[in-house]
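Report on the following structure.
The values are calculated or read from the model by the stated rules, or taken from the named source; none is laboratory data. If you're wondering where the values come from, they're calculated on a predicted model, not measured in any experiment. All Cβ positions, even for glycine, are placed from backbone atoms using ideal geometry, and neighbour counts span all protein chains on display. Note: areas computed on protein heavy atoms with side chains; ligands, DNA, RNA excluded. Shrake-Rupley method; radii C 1.70, N 1.55, O 1.52, S 1.80 Å.
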Amino acid sequence: MATEIDAVRRDTAAPATGRPAMPGLLALAALLLVLIAAPYVLYPVFVMKVLCFALFACAFNLLIGFAGLLSFGHAAFFGGAAYITAHTVKVWGLPPELGILLGTAFSATLGLAFGALAIRRQGIYFAMITLALSQMVFFMALQLKFTGGEDGIQAVPRGHLFGMIDLGQPMAMYYTVLAVFLFGFVVIWRTVHSPFGQVLKAIRENEPRAISLGYRTDHYKLMAFVLSAALAGLAGGTKAIVFQLATLTDVQWQMSGAVVLMTLLGGIGTLFGPVVGAALVVTLENYLAASNLPVPVVIGVIFVACVLLFRRGIVGEIAARFSGKRP
Amino acid sequence: MSTIFGIPPQALFGQLLLGLINGSFYALLSLGLAVIFGMLNVINFAHGALYMLGAFVAWLLLTTAGIGYWWALLLAPLVVGAFGVVLEKTLLSRLYKLDHLYGLLLTFGLALIVEGAFRHFYGVSGQPYPIPDLLRGGQNLGFMFLPNYRGWVVVASLVVCLATWYAIERTKLGAYLRAATENPVLVQAFGINVPLMITATYGFGVALAGLAGVLAAPIYQVSPLMGSNLIIVVFAVVVIGGMGSILGAVLTGYGLGLLEGLTKVFYPEASNIVVFVIMAVVLLIKPAGLFGRER
């Protein structure tokens, strides 16, 4: 598949050396400072929403950007974990950290099952299969008893982290979410720069060649799928605690589309792109909700513009400009 | 004959008919998807939105211009097809050199725009569309009651599917089409206008979706959301049937509609997910789909 998508990604992907590059580390430090200061300037719940979706988009990007697999069913992992976390915390009375952990474990298991099926086909088929499987989760969320049908699970208590820190305090909640986000981000960073990440990139560039080099590519693809699903679940579970609810919106296929847009807008295959993309989309949705414009139409127009005009995304374009390559 | 497997025959055949009707729409839509995929290598995510557009054009023709069902059956597919031609010429044609995934993403964006616009102007509540006078009433078949309109939908979709299959597999034009799918450069060298054929194929494929929309209008409510959930089931149908053959798309469409109807009788809770379960099973046994070729 030596088409332009590969060329675009190669330009913008993280350097192929084993260690993270200096500009990357500087950007990470800057991001960290901004995020620590953010709740003093912006509405904390808004920033927490951005962080949850940023982690979700980063998890999705691990798959499309570094393994070349377009999953159109990531809402199942995000929303599925949200339901499990909400249920275990509200009905079973578990502490929030355990609830989120169970949600993540659920998504990882689901990812193993879906991934094992979906990697049997490639390209658009892969996308369609993940989409169809995630729709199954949607119908289950609609019909099963514990999910509350159309109402979802509401009024989930935030509880006390490790039995000590009261998450009802906005700042305590915020820094918990920030810690979760950073954990997920560092996991992805380390994965991308590890030998495992290098094999993923090799699969993305030329799978038959990776196979001929002796790599069991299905094995690697499945591992990447499970990791991505687990991190998407981590984001979903955290979201359920922050907003104290899990609803059908989280598992709907439109959510899978939203995460594709965030990643595409920010830059597929860049580490910071999904974060920027998520921040932009969430801001836009908040802003548009108060206006008279129909949100899906605006989102759709951005989607079409991204695909036609700037496929590298915002961070991808900037990175390409800095590295002195033609825009 | 009071019960069959413990189910009253009225209920059983009623659900089977409902399944057959759903299957007619699955078949028409997956047929259009298969034709488009064969020629353009694009999975047309906007297919559901264009199906909805077909129904809405019929409804708008009736409410604003007083143009009835039979003219709508002709006009709405033409309008949707023309819209498709414009989309292909202005947007899709720019992406053929790139990875096929971009086609999927572009049509996804288009679906959001079309559906979002109709939702903005007409809300989510459906609009009723009357059954044409000629097809009111129904037949008593002895074991069940068959509403005329529903019978018509099944017959019409069968005829369209067969005609399309014949045109592609048995005519000269179809032979060109299949040849261009295999090797567009060579076919172009023989003096056949391949870009025109690609445009026409996309127009025809989405016109089929528009036609399905008109057929659906008197049965379901004409609503902006009518396409968005249907499209995912159709995707599953396509994966099960395999993209290689037109026949696969059609047969799998009807078959899965019937199976869904049966599930509704015996285990209603699973009726929404049975198609996806079948998809998972087929993928385990035959990853290329029932009628697909491994490539």
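Collect the residues in the range B:96-123 that are of a type in the set (A, V, I, L, M), out of contact with any Asp or Glu (no Cβ under 9 Å at 6 or more places or on another chain) and at the interface with chain A (Cβ under 7 Å from one of its Cβ atoms), keeping them in residue-number order. Steps first, please.
The initial filter retains those residues of the range B:96-123 that are of a type in the set (A, V, I, L, M), namely B:98, B:101, B:104-106, B:110-114, B:117.
Still in the list and also out of contact with any Asp or Glu (no Cβ under 9 Å at 6 or more places or on another chain): B:101, B:104-106, B:110-114, B:117.
If the condition is that a residue be of a type in the set (A, V, I, L, M), out of contact with any Asp or Glu (no Cβ under 9 Å at 6 or more places or on another chain) and at the interface with chain A (Cβ under 7 Å from one of its Cβ atoms), then B:101, B:104, B:105, B:106, B:110, B:112, B:113, B:117 are the ones that fit.
Taking the options B:20, B:16, B:29, B:61, name whichever one is more than 14 Å from chain A (Cβ to nearest Cβ) and either surrounded by 23 or more Cβ atoms within 10 Å (Cβ to Cβ) or closer than 30 Å to residue B:106 by Cβ (or both). Spell out how you get there, then give the answer.
Values: B:20 fails: either surrounded by 23 or more Cβ atoms within 10 Å (Cβ to Cβ) or closer than 30 Å to residue B:106 by Cβ (or both); B:16 fails: either surrounded by 23 or more Cβ atoms within 10 Å (Cβ to Cβ) or closer than 30 Å to residue B:106 by Cβ (or both); B:29 fails: more than 14 Å from chain A (Cβ to nearest Cβ).
The conditions single out B:61.
For (1) within 13 Å of chain B (Cβ to nearest Cβ); (2) in contact with a Phe, Trp or Tyr (Cβ under 9 Å, 6 or more places away or on another chain); (3) under 19 Å from residue A:79 (Cβ atoms), each residue gets a yes or a no:
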position: A:134; (1), (2), (3): yes, yes, yes
position: A:142; (1), (2), (3): yes, no, yes
position: A:146; (1), (2), (3): no, yes, yes
position: A:153; (1), (2), (3): no, yes, yes
position: A:156; (1), (2), (3): no, yes, yes
position: A:164; (1), (2), (3): no, no, no
position: A:167; (1), (2), (3): no, no, no
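Test residue A:275 against the criterion of being within 14 Å of another protein chain (Cβ to nearest Cβ) and open to solvent by less than 40 Å² (accessible area, probe 1.4 Å), and give yes or no.
Numbers: within 14 Å of another protein chain (Cβ to nearest Cβ): no; open to solvent by less than 40 Å² (accessible area, probe 1.4 Å): yes.
Spelling it out, it is not the case that residue A:275 is within 14 Å of another protein chain (Cβ to nearest Cβ) and open to solvent by less than 40 Å² (accessible area, probe 1.4 Å).
Could you check the range B:93-151 and list, in sequence order, the residues that are of a type in the set (S, T, N, Q) and open to solvent by 20 Å² or more (accessible area, probe 1.4 Å)? Steps first, answer last, please.
Filtering the range B:93-151 down to residues of a type in the set (S, T, N, Q) leaves B:93, B:107, B:125, B:127, B:139-140, B:148.
Those that are of a type in the set (S, T, N, Q) and open to solvent by 20 Å² or more (accessible area, probe 1.4 Å): B:93, B:125, B:127, B:139, B:140, B:148.
Do we have any residue at all in the range A:311-325 that's at pLDDT 85 or above and either at the interface with chain B (Cβ under 10 Å from one of its Cβ atoms) or within 22 Å of residue A:174 (Cβ to Cβ) (or both)?
yes
Residue A:85: open to solvent by 10 Å² or more (accessible area, probe 1.4 Å), more than 21 Å from residue B:45 (Cβ to Cβ) and either assigned to a helix (DSSP H, G or I) or among the acidic types (Asp, Glu) (or both), yes or no?
No.
Looking only at the range A:297-325, count every residue that is touching a residue at least 24 places away in the same chain (Cβ under 8 Å) and within 30 Å of residue B:121 (Cα to Cα) and tell me the total.
5
Quick one: residue A:305 ticks every box in (1) closer than 22 Å to residue A:74 by Cα; (2) modelled with pLDDT of 90 or more bar one, so which box is it?
(1)
Could you check how many residues of the range B:199-241 are assigned to a helix (DSSP H, G or I), within 14 Å of chain A (Cβ to nearest Cβ) and of a type outside the set (Val, Ile, Thr)?
Just the residues of the range B:199-241 that are assigned to a helix (DSSP H, G or I), to begin with: B:199-216, B:230-241.
Still in the running and within 14 Å of chain A (Cβ to nearest Cβ): B:230-241.
Within this subset, residues satisfying the condition of being of a type outside the set (Val, Ile, Thr) are B:230, B:235-236, B:241.
Here the count works out to 4.
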